[in-house]
Amino acid sequence: MRPLTQLPAWDALKRHHGAVCNLHMRDLFATDRQRFQKFSLKLDDLLLDYSKNRVTEETMGLLLDLARQSGVEERRDQMFSGAPINSTEARPVLHVALRNRSQRAFLVQGQDVMPEVRRVLAQMRSFVEDLRAGKWLGATGMPIRHIVNIGIGGSDLGPLMVTEALKPYGRDDLTSSFVSNVDGSHIHQILKKCSPETTLFIVASKTFTTLETLANAGTARSWLVQALGEPAVARHFVALSTNAQSVTAFGIDPANMFAFWDWVGGRYSLWSAIGLSIALAIGFSEFEALLAGAFEMDEHFRTAPLATNMPVIMALLGVWYSNFFDAAVHAVLPYDQYLHRFPAYLQQADMESNGKSVTLEGRPVDYATGPVLFGEPGTNGQHAFYQLIHQGTRLVPCDFIAAANSANPVGCHHELLLANFFAQPEALMMGKAADQPYKAFLGNRPSNSLLYARLDPRTLGRLIALYEHKIFVQGVIWQINSFDQWGVELGKQLAKTILPELIDDRALDHHDGSTAGLIAYFRHLRR
Ligand code: G6Q
């Protein structure tokens, strides 16, 4: 593979950047009345307006050349064909198979995985329908009223974000909580609200070895057994995992386990059995609508030409700012309270996938890769960090996201919200002259706007898949493996070594001075 910085399009973009970096978007709009039409894409009701970016038609042409020269199409086809593109773990990357609504086969080592995918979906459907109909009862014959998902990282962030986003599709008599942090305060606060007789615990862990999840599951299990006795575990615990052996060893009946497979990455797993908490909250047909929305985006990504391919366009704009404008951050700003966990979810999806500095061939990269992603729902963010986006010294490309229709049309709240959604990108782009320098806004600050009819399961599915594929395309261009997470694995090991040192007074001299000093002081405070 030719190194990224030696591709002809890279060089051309560098030269082009020199020529266009001082153009002001205000002028680009003034001289081209068709700019919005030229730089926007529509997929049914989902609109991406990318006209408020520091690009010309030539820029987009060169960025598309970069995508072609980087082999984006070939790599995309490899992903869909089940090739082991997660090279450091020698695994295929097939979250797209989990939401495949067609009859197409997805092959892993020559074997179609779709029958197994459908089998688990059917198992989930029957469990969800029974529980929601009050047919799956707790050990004392009471219906389940509270679901507690115990998981962390990919086994938490996706289901939590979606359950929050689709709250209007939930039921008041069936509530959900998510325990992730190993800090005992997290589970303590949640158990306080639960009654053992009506609570179902979902232990969500791909590996079933994650320390945080096992500690929380163990605490939940003791709490339940203390109240209802050992046999109650079978009615109050289910597991979502690839590791049947450890699930059984933990004491969960394998009949209550929902499987998935090592070709599903943790941060791409909400479409798998890991989505059980979502399906319980919103019902199985709405869960299927979520899958169908993602499938629509998959089909678009798989078949649309690069120039009209939404994830590809968003990815290329990100590359333009990261690599040619040295933008180190990216803001995701949903004007939707229900999407309040969307930035946190994307933080993992993006930063765990593209926070890499070694190429697929093992060479250190000599260019920037994934940005620091952050965000908050509008309008709250406006009263917090937007100041820096408007007048700070850093370039912060933003994605503004909103639905035209609210799930709760209260008074004129939605119009007020959307007035801000339109005003902020306009102000960021236009800027404002003033007598006093501190009141002046330079403008020329780029953003995308995503606008759709309403935040329903289908649209959420489309949105998540849009970002998943954007991240994929960027990883291909940066020539990194977006699907491993050795930094996370390191964390899983490190704490294990220190744990015994907190419990007894063994020697600390193998640590650096700071760590040894901190542990010694901790021991002192605990005495
Ligand atoms: C995701 C990561 C990571 C993982 C958690 C939980 O892509 O691999 O966030 O999801 O570490 O792992 P388990 O599901 O195995 O408990």
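Over 23 Å, how big is the tail of the calculated P(r) for segment 418-514, in percent of all Cα pairs? The calculated P(r) of segment 418-514 puts 65 percent of pairs beyond 23 Å. Local charge sum around residue 165 (other residues, Cβ-Cβ under 11 Å, Lys/Arg +1, Asp/Glu -1)? Taking every other residue near residue 165 into account, the sum is -1. Using the Cβ of residue 359 as centre and a radius below 12 Å, the other residues enclosed give a net charge of +1, where K and R count +1 and D and E count -1.
The charge dipole of segment 375-527, taken about its Cα centre with unit charges on the Cβ of Lys, Arg, Asp and Glu (plus for the first two, minus for the last two), comes to roughly 180 debye. Of the accessible area of the chain, computed with a 1.4 Å probe over protein heavy atoms only, carbon and sulfur atoms account for 55 percent. Per residue, segment 132-264 exposes 39 Å² of solvent-accessible protein surface, assessed with a 1.4 angstrom probe and all protein chains in place.
Between residue 303 and residue 510, how high is the FRET efficiency from 1/(1 + (r/R0)^6) when r is the Cβ-Cβ distance and R₀ = 45 Å? Nearest 0.05.
0.20
For the set 95, 510, solvent exposure ranked by accessible area (probe 1.4 Å, protein chains only) runs largest to smallest as 510, 95. For the chain, the longest principal axis of the Cα atoms and the long axis of helix 342-354 meet at an angle of about 80 degrees.
The charge dipole of the chain, taken about its Cα centre with unit charges on the Cβ of Lys, Arg, Asp and Glu (plus for the first two, minus for the last two), comes to roughly 340 debye. DSSP beta bridges confined to segment 314-419 are antiparallel in about 10 percent of cases. For segment 98-143, a simple Cβ point-charge model (Lys and Arg +1, Asp and Glu -1, everything else neutral) yields a dipole of about 180 debye relative to the Cα centre.
Dipole of segment 177-314 computed with +1 at Lys/Arg Cβ and -1 at Asp/Glu Cβ about the Cα centre; of 272, 242, 213, farthest Cα towards the positive end is 213.
Find the percent of Cα-Cα distances in segment 410-461 that exceed 15 Å, and round it to a whole number.
It works out to 63 percent of all Cα pairs.
In square nanometres, what is one fourth of the surface area of the convex hull spanned by the alpha carbons of segment 295-409?
9.4
To two decimal places, what compactness ratio does the chain give when its Cα radius of gyration is scaled by 2.2 N^0.38 Å? Write down the numbers at each step before the final one.
Values: Rg = 24.5 Å, N = 527, 2.2 N^0.38 = 23.8 Å.
Relative to the 2.2 N^0.38 Å estimate, the chain comes out at 1.03.
Of the residues 490, 358, 289, the one whose Cα sits farthest toward the positive end of the charge dipole of the chain, with +1 on the Cβ of Lys and Arg and -1 on the Cβ of Asp and Glu, is 289. Cross-link reach is defined here as a Cα-Cα straight distance under 30 Å, omitting same-chain residues fewer than 8 places apart; for residue 167 the lysines meeting it are 42, 135, 192, 193, 206, 470.
For the chain, the 222 nm mean residue ellipticity estimated from helices alone, with every DSSP H stretch of n ≥ 4 adding -39500 (n - 2.57) and the total spread over all residues, rounds to -14000 deg cm²/dmol.
Ranked by the mean number of other Cβ atoms within 10 Å of their residues, highest first, the peptides 152-162, 114-124 come out as 152-162, 114-124. Temperature 10 °C, viscosity 1.306 mPa s: under these conditions the Stokes-Einstein estimate for segment 285-344, based on its Kirkwood radius over C-alpha pairs, is 114 µm² per second.
The values are calculated or read from the model by the stated rules, or taken from the named source; none is laboratory data. Owing to the predicted nature of the structure, the values given are computational and were not obtained by experimental measurement. Every residue, glycine among them, receives a Cβ derived from its backbone with ideal geometry; neighbour counts consider all protein chains shown. Calculation scope for accessible area: heavy atoms of the full protein, side chains included, ligands and nucleic acids excluded. Shrake-Rupley method; radii C 1.70, N 1.55, O 1.52, S 1.80 Å.
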